[in-house]
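**Student:** Here it is, the structure, as structure tokens.
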Amino acid sequence: PTLVGDIAPTVTVQNTEGNEKMLSFTRHGNKYLLLDFWASWCEPCHKEIPNLKRIYETYHAKGLDIIGISADKNVDDWKGTLEEQKEPWCNYIDINRQAISEYKVQYIPSIFILDADGNIIAEKLRGKELSDFIDKLFAE
């Protein structure tokens with residue numbers, strides 16, 4: 001099932017301090033927002049991080065933000081990976097699986113691209129396909 005064309009669901013996740021945080025993406029303040037569903041134990045997720053860092057470094061000042069949502073069940077594993085990777089964007093953990101359910105995530109990494117109004121404009125892109133899509137968005 002695809003969510004492309006839908007408004008991004010509002011979800012409740014936890015931050016690194018263990019506090020619940022409601023994430024609503026309508027009018028989120030950026031031109032584009034990339035949601036990255038990942039986990040500490042996911043090798044393809046780790047392989048995607050350099051690509052995400054390049055995209056972030058290239059386009060963050062131009063209006064792109066990234067939010068990571070971890071599928072980890074172990075908070076310590078998640079926090080350990082955050083320490084190792086030093087990602088410059090916000091990361092949350094989906095302990096109760098609400099975000100994973102709302103976004104119909106069937107595998108990770110799962111990436112969603114949202115426009116400024118919170119509409120999902122792309123999903124399931126990785127690697128070169130993701131980079132090319134983001135490059136094209138900012139070339140317009």
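**Student:** Residues ALA71, ALA99: which one is crowded, with 17+ Cβ neighbours inside 10 Å, in contact (Cβ under 8 Å) with a residue 12 or more places away in the chain, in contact with a helix residue (DSSP H, G or I) (Cβ under 7 Å, 6 or more places away or on another chain) and hydrophobic (A, V, I, L, M, F, W, C)?
**Tutor:** ALA71
**Student:** Give me the pairs: first residue in the range 111-140 and at positive phi, second residue open to solvent by less than 60 Å² (accessible area, probe 1.4 Å) and assigned to a helix (DSSP H, G or I), beta-carbon distance under 8 Å, and six or more apart or on different chains, which are they?
**Tutor:** Qualifying pairs under 8 Å: GLY127/GLU48; GLY127/ASN51.
**Student:** Test PRO50 against the criterion of being farther than 11 Å from GLY118 by Cβ, in contact with a Pro (Cβ under 9 Å, 6 or more places away or on another chain), open to solvent by 40 Å² or more (accessible area, probe 1.4 Å) and of a type outside the set (Val, Ile, Thr), and give yes or no.
**Tutor:** no
**Student:** Now a separate question. Can you name the number of the only condition in (1) part of a helix (DSSP H, G or I); (2) open to solvent by 40 Å² or more (accessible area, probe 1.4 Å); (3) of a type in the set (Phe, Trp, Tyr) that TYR56 fails?
**Tutor:** Among (1) part of a helix (DSSP H, G or I); (2) open to solvent by 40 Å² or more (accessible area, probe 1.4 Å); (3) of a type in the set (Phe, Trp, Tyr), TYR56 violates only (2).
**Student:** Taking PRO50 and the conditions (1) without any contact (Cβ under 8 Å) to a residue 40 or more places away in the chain; (2) over 15 Å from the mean Cα position of the chain (by Cα); (3) part of a helix (DSSP H, G or I), which numbered condition does it fall short on, given that it satisfies the others?
**Tutor:** For PRO50, the failing item is (2).
The values are calculated or read from the model by the stated rules, or taken from the named source; none is laboratory data. Because the structure is predicted, anything quoted here is derived from the model rather than measured. In this analysis, Cβ positions are derived from the backbone assuming ideal geometry, glycine residues included, and neighbour counts consider all displayed protein chains. The accessibility values were calculated without ligands, DNA or RNA, using every heavy atom of the protein model including side chains. Shrake-Rupley method; radii C 1.70, N 1.55, O 1.52, S 1.80 Å.
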